[in-house]
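The values are calculated or read from the model by the stated rules, or taken from the named source; none is laboratory data. As the structure is a prediction and not an experimental result, all values here were calculated from the model. Cβ: placed from backbone, ideal geometry, glycine included. Neighbour counts: every protein chain shown. Ligands, DNA and RNA are excluded from the accessible area calculation, which covers all protein heavy atoms including side chains. Shrake-Rupley method; radii C 1.70, N 1.55, O 1.52, S 1.80 Å.
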Amino acid sequence: ISIDQTPLKYAPSFKYLGSLFRDDASGIEEVKARLSKARSRMGELKLLWKSHDISSATKAQIIQTLVWPILTYGCESWTLNKDLTEKIEAFERQCYRRALSIRWQDHVTNEEVFGRMAVEPKLMSQIKNRKLRYFGHTARHVSLENQIMFGYMPGKRRQGGQKKTWMDDVTEWTKLGLPELVRLADNRSLFRQLVISSSTIPAR
C-alpha cells in the first residue's frame, strides 16, 4: 500500500483510539492489557472497599460504573477464546471478593460471593451483548465495516487447525449460521431479542 508513491511501513501491531490491533487479528494482548488497567483501578479505589459505611450493593454499582468500562473499552473488536473468557469471568469474581475484603484463606465459594453482593454474573454478558449489537448494526448498513466483515479474502487457508475468528464468537453465541444472522439483523426487534437471549448468563 502506497500513498503519493510512498510505501507505507508494515507494522505487526499498532494502537488506534487506545486499543491495540495486531496483524493476526488476535485480541489476547489487548484483553490482558485491559484486565491489567482495570485491576489497577480497583487498587486505586481500595479505601472504598475497606469502608464499612458503603453497602455491598453500592460497591457493586461502583465496580460496574468505574472499573468495568476500563476493561470493556473496545470489546466489540475482541475475539475471545476459552482462556480469555475464563480470565474475564475470574476478574469479575475478584472484583467482588476485593470489595467484600474476602481473602483466599477464607474459603468463600463464588456462589456465596455473588449472594453477599446480591448480584448475578454479568460481565461476560455485557461483552457478548455489545459485540452482538455491533454485528447487527454493521450488518444493516452499507459501510466499510460491512465490506470488511462480509468481504471475501483471496488466498488459501493455512494448513492445520483453523484459528478462531471474530465471527466465530457471533455464531457460537447465537447458535446460528451467518446467512440467518444477516437476515435477522434486518429486523431490529427480532435481532434485539436474539441478542438478549444469546448474551444472558444463566442464573446460579
Discussion item. Can you list the helices (runs of 4 or more DSSP H) lying wholly within the range 25-100 that have 2 or more residues being free of Cβ contacts under 8 Å to residues at least 60 places away in the same chain and either among the basic types (Lys, Arg) or in contact with a strand residue (DSSP E or B) (Cβ under 9 Å, 6 or more places away or on another chain) (or both)?
Written reply: 28-44, 46-50, 82-99
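Look at SER101 and say whether it is open to solvent by 20 Å² or more (accessible area, probe 1.4 Å), among the small types (Gly, Ala, Ser) and more than 18 Å from LYS59 (Cβ to Cβ). Even if it seems obvious, please write down each step before you answer.
Numbers: open to solvent by 20 Å² or more (accessible area, probe 1.4 Å): yes; among the small types (Gly, Ala, Ser): yes; more than 18 Å from LYS59 (Cβ to Cβ): no.
No.
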Item to complete: Kindly indicate whether any position in the range 131-140 is surrounded by fewer than 16 Cβ atoms within 10 Å (Cβ to Cβ) and over 30 Å from ASP186 (Cα atoms).
Response: no
Practice prompt. Examine the range 178-188 for a residue that is at pLDDT 90 or above, closer than 26 Å to SER125 by Cβ, of a type in the set (S, T, N, Q) and more than 18 Å from the chain's Cα centre (by Cα), and state whether such a residue exists.
Written response: yes
